[in-house]
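See below for the structure under consideration.
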Amino acid sequence: MALPSTIYRVSIELSNVDRAVYEALTTTVARHPSETAERLVTRLLAYALFQEPDLLFTKGVSAGDEPDLWVKGADGRVLLWIEVGLPEPERLLKACRHAEQVVLMACGNGLPQWESRQLPKLTAAANLTVVCFEKTFISRLASLAERVISWQITLSDGVIYLAVAGETLETPLTVRIGTY
């Protein structure tokens with residue numbers, strides 16, 4: 001018998017000074033049994049940092065042909081495709097051919113090796129942005145994740161300030177390819 005997904009209720013007070021986005025976000029997100037807490041919090045960061053009215057979570061790890069988040073146009077075309085993790089470059093390049101903009105929120109234990117081996121294969125994709133976070137930031141954020149998540153995020157001059165559970169965490173938004 002398969003394990004069920006864990007449901008998280010999320011509220012985020014977002015002040016993204018760099019993009020002039022100020023929102024109070026609420027959502028419910030499912031964490032697949034195979035998904036790590038680090039990947040979950042990175043998906044939530046992607047949801048906040050690339051926030052726009054039509055941004056939606058997809059079936060994620062349950063649907064191999066979909067990204068983690070996306071924005072679709074009225075005609076069904078994918079306007080924004082957001083992946084989380086360390087996918088094969090071919091997957092990202094295919095997404096770049098089919099979507100207007102592609103974002104990778106690169107995270108995982110193999111990130112340094114992935115960057116050295118795979119990142120050079122992606123530099124020619126004009127509509128790709130690759131974002132990384134400090135491992136200690138993601139690990140600490142994951143350790144604070146509970147079933148009800150309440151974050152206050154401020155992004156200013158490329159630095160993320162995230163208040164959670166009485167702590168304020170800080171990290172640079174590191175863009176490896178493209179622009180934010």
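None of the figures in this text is laboratory data; all of them are computed from the coordinates on show. Keep in mind that what you see is a predicted model, and the values were worked out from it rather than measured. For neighbour counting, all protein chains shown are included, and Cβ atoms are generated from backbone atoms with ideal geometry for every residue, glycine included.
With both residues required to sit in the range 26-105, DSSP beta bridges show an antiparallel share near 50%. In terms of surrounding Cβ atoms within a 10 Å radius of their Cβ, E90, E38 rank from fewest to most as E90, E38. Once the Cβ-Cβ distance of A30 and A124 is raised to the sixth power relative to R0 = 35 Å, the FRET efficiency obtained is 0.50. May I ask for the net charge around S150, where only other residues with Cβ less than 10 Å from the Cβ of S150 are counted and Lys, Arg are +1 while Asp, Glu are -1? Taking every Cβ under 10 Å from that of S150, the sum is -1.
When you work out D = kT/(6 pi eta Rh) for the range 98-180 at 20 °C and 1.002 mPa s, using the Kirkwood radius from C-alpha pairs as Rh and the Stokes-Einstein form, the result is 150 µm²/s. Summing Lys and Arg as +1 and Asp and Glu as -1 over all other residues whose Cβ lies under 14 Å from the Cβ of A48 gives a net charge of -3. When each full DSSP H helix of the chain is screened for a Cα extent of at least 15 Å along its own axis and an average Kyte-Doolittle hydropathy of at least 0.0, the helices passing are 37-49. Among the trypsin sites (Lys or Arg not before Pro) found in the range 10-91, those both in a DSSP coil and sparsely packed, with 14 or fewer other Cβ atoms within 10 Å of their Cβ, are R19, K59, R77. Given R₀ = 35 Å, what would the calculated FRET efficiency be for E88 paired with R147, taking r from the Cβ atoms and rounding to 0.05? Once the sixth-power term is evaluated, E becomes 0.60.
Counting only Cβ charges, +1 for Lys and Arg and -1 for Asp and Glu, the dipole size of the range 14-80 around its Cα centre is about 100 debye. Entry for the chain at q = 0.16 Å⁻¹: log10 I(q)/I(0) = -1.01, Debye formula applied to identical alpha-carbon scatterers, no solvent contribution.
Take every DSSP beta bridge whose two residues both sit in the chain; close to 60 percent of them are antiparallel. Taking the charge dipole of the chain about its Cα centre, with +1 at Lys and Arg Cβ atoms and -1 at Asp and Glu Cβ atoms, the residue from T58, T136, S150 reaching farthest to the positive side is T58.
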